[in-house]
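**Student:** A single structure is presented below for examination.
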Amino acid sequence: MSGLTVWEAVAVGAAGVFAGGINAVVGSGTLVTFPVLLAVGYPPLVANVSNTVGLVPGTVTGAFGYRELLTGQKSRLLRLGAASLVGAVIGAILLLRLPAAAFETIVPVLIVVALVLVLLQPKLSKLVAARRGEGGQDGPLVWLAVLFTGVYGGYFGAAQGIILMGLMGILVAEHLQRLNAIKNVCASIVNGVSGLIFVFVAPVAWLPVVLIMVGSTVGGYLGARVGKKFSPTLLRGIIVVVGLVAVGKMLLD
């Protein structure tokens with residue numbers, strides 16, 4: 001598919017705005033943009049690659065919006081950023097090396113797992129808060145956890161922010177908002193590195209990429225500024241509904 005109708009283009013751009021905003025606040029924006037790309041007719045692999053490339057500016061603006069909370073975290077950012085970079089490369093290579101049929105089989109499962117994480121996010125947050133005084137320091141386990149999330153993000157990416165926050169929140173004794181700032185930077189590294197790889201060696205649909213880039217840039221900025229005022233229940237509800245539609249479409253096609 002090479003073109004979009006006007007209304008399809010509007011839908012893709014609007015999905016980019018929402019995804020950029022939700023990625024800055026908690027993550028899982030891919031569960032909005034990826035299903036929309038499927039709905040307008042793009043094959044799963046093309047939709048995933050184009051979505052990853054398109055969301056790069058939104059993750060960067062989201063990270064920039066939290067920059068004041070990175071103060072004093074330079075060494076942590078360098079360590080965990082390196083883990084994200086390595087993981088992104090591994091995930092992108094897996095996506096390109098495994099057959100497209102394997103991706104189409106695996107992704108519905110990954111979406112369901114991501115939706116479960118979205119639904120469990122309030123309980124995860126309570127668990128993290130309860131263990132705030134028990135969290136460990138930034139040891140090898142934290143690095144490996146971020147590496148694993150980077151691999152997942154490079155391959156598909158839905159809810160990688162939720163996975164990062166859950167793992168770091170339990171393993172690192174740090175204020176959640178400061179960890180959220182680290183999460184945004186790590187996610188931007190994963191999307192940026194894997195997206196750069198995809199630009200050169202993967203099938204990219206450039207029209208939706210541009211639409212998602214513009215939308216996610218606006219959404220990432222708005223999410224970092226005002227996204228915390230949105231109702232978490234409403235956001236989770238929209239994500240779950242859109243994600244279930246994506247699963248249904250992939251299973252029925």
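**Student:** Can you tell me what percent of all Cα-Cα pairs in the chain are more than 24 Å apart?
**Tutor:** I get 40 percent for the Cα pairs in the chain exceeding 24 Å.
**Student:** Quick one: accessible surface of Tyr221, probe radius 1.4 Å, all protein chains present, in square angstrom to the nearest 10.
**Tutor:** That residue has around 120 Å² of solvent-accessible surface.
**Student:** Each label point is 7 Å from the Cα along the Cα-to-Cβ direction; what then is the distance between the points at Phe64 and Val6, in nm?
**Tutor:** 3.1 nm
**Student:** I need the calculated FRET efficiency for the pair Arg225 and Trp143, taking r as the beta carbon distance and R₀ as 30 Å, to the nearest 0.05.
**Tutor:** So the FRET efficiency works out to roughly 0.45.
**Student:** Between the helical axis of 100-130 and the dominant principal axis of the chain, each derived from Cα atoms, what acute angle in degrees is found, rounded to the nearest 10?
**Tutor:** Compared with the principal axis, the helix lies near 30 degrees.
**Student:** Mind pulling the angle between the C-alpha long axis of helix 160-171 and the longest principal axis of the chain? Nearest 10 degrees, somewhere in 0 to 90.
**Tutor:** The angle comes out near 10 degrees.
**Student:** Scaled to the compact-protein estimate 2.2 N^0.38 Å, what is the alpha-carbon radius of gyration of the range 3-109, rounded to two decimal places?
**Tutor:** Expressed relative to 2.2 N^0.38 Å, the Cα Rg reads 1.22.
**Student:** Separate question: Going by accessible area, probe 1.4 Å, with all protein chains left in place, what is the ranking of Phe156, Phe18, largest first?
**Tutor:** Phe18, Phe156
**Student:** Separate question: Of the options Cys186, His175, Leu164, report the single residue whose Cα projects farthest towards the positive end of the charge dipole of the chain (beta-carbon charges: Lys, Arg +1; Asp, Glu -1).
**Tutor:** His175
**Student:** Can you tell me the orientation of helix 140-155 relative to the chain, as the angle in degrees between its alpha-carbon axis and the longest Cα principal axis, to the nearest 10?
**Tutor:** Taking the Cα atoms of the chain, the angle to 140-155 is about 10 degrees.
**Student:** Now for a different question. Report the relative contact order of the chain, percent, no decimals, based on alpha-carbon pairs under 8 angstrom and at least 6 residues apart.
**Tutor:** Here the relative contact order equals 43 percent.
**Student:** Using 0.36 nm times the number of residues separating Val241 and Ala101, minus their current alpha carbon distance, what extension gain do you get?
**Tutor:** 47.9 nm
**Student:** If contacts are Cα pairs under 8 angstrom and at least 6 residues apart, what is the relative contact order of the range 1-134 in percent?
**Tutor:** Answer for the range 1-134 is 22 percent.
**Student:** In debye, nearest 20: dipole of the chain around its Cα centre with unit charges on the Cβ of K, R (+) and D, E (-)?
**Tutor:** In total the dipole reaches around 720 debye.
**Student:** Given the options Leu251, Leu119, Thr30, identify the residue whose Cα lies farthest towards the positive end of the charge dipole of the chain (+1 on Cβ of Lys, Arg; -1 on Cβ of Asp, Glu).
**Tutor:** In the chain, that residue is Leu119.
**Student:** Quick one: 3J(HN,Hα) in Hz for the range 194-201, Karplus 6.51/-1.76/1.60 with θ = phi - 60°, rounded, Gly and Pro as x.
**Tutor:** Result, ordered by residue: 5, x, 5, 4, 5, 4, 8, 10 Hz.
**Student:** Let's see if you can work this out: charge +1 on each Lys and Arg Cβ, -1 on each Asp and Glu Cβ, no other charges. What is the dipole magnitude of the range 1-115 about its Cα centre, in debye to the nearest 20?
**Tutor:** 480 debye
**Student:** More than 24 Å apart: what percent of Cα pairs in the range 50-182 qualify?
**Tutor:** Every Cα pair in the range 50-182 considered, those over 24 Å come to 31 percent.
The values are calculated or read from the model by the stated rules, or taken from the named source; none is laboratory data. Since this is a predicted model, take the numbers as computed values, not measurements. When we count neighbours, we look across all protein chains shown, and the Cβ atoms used for this are built from the backbone with ideal geometry, even at glycine. Note: areas computed on protein heavy atoms with side chains; ligands, DNA, RNA excluded. Shrake-Rupley method; radii C 1.70, N 1.55, O 1.52, S 1.80 Å.
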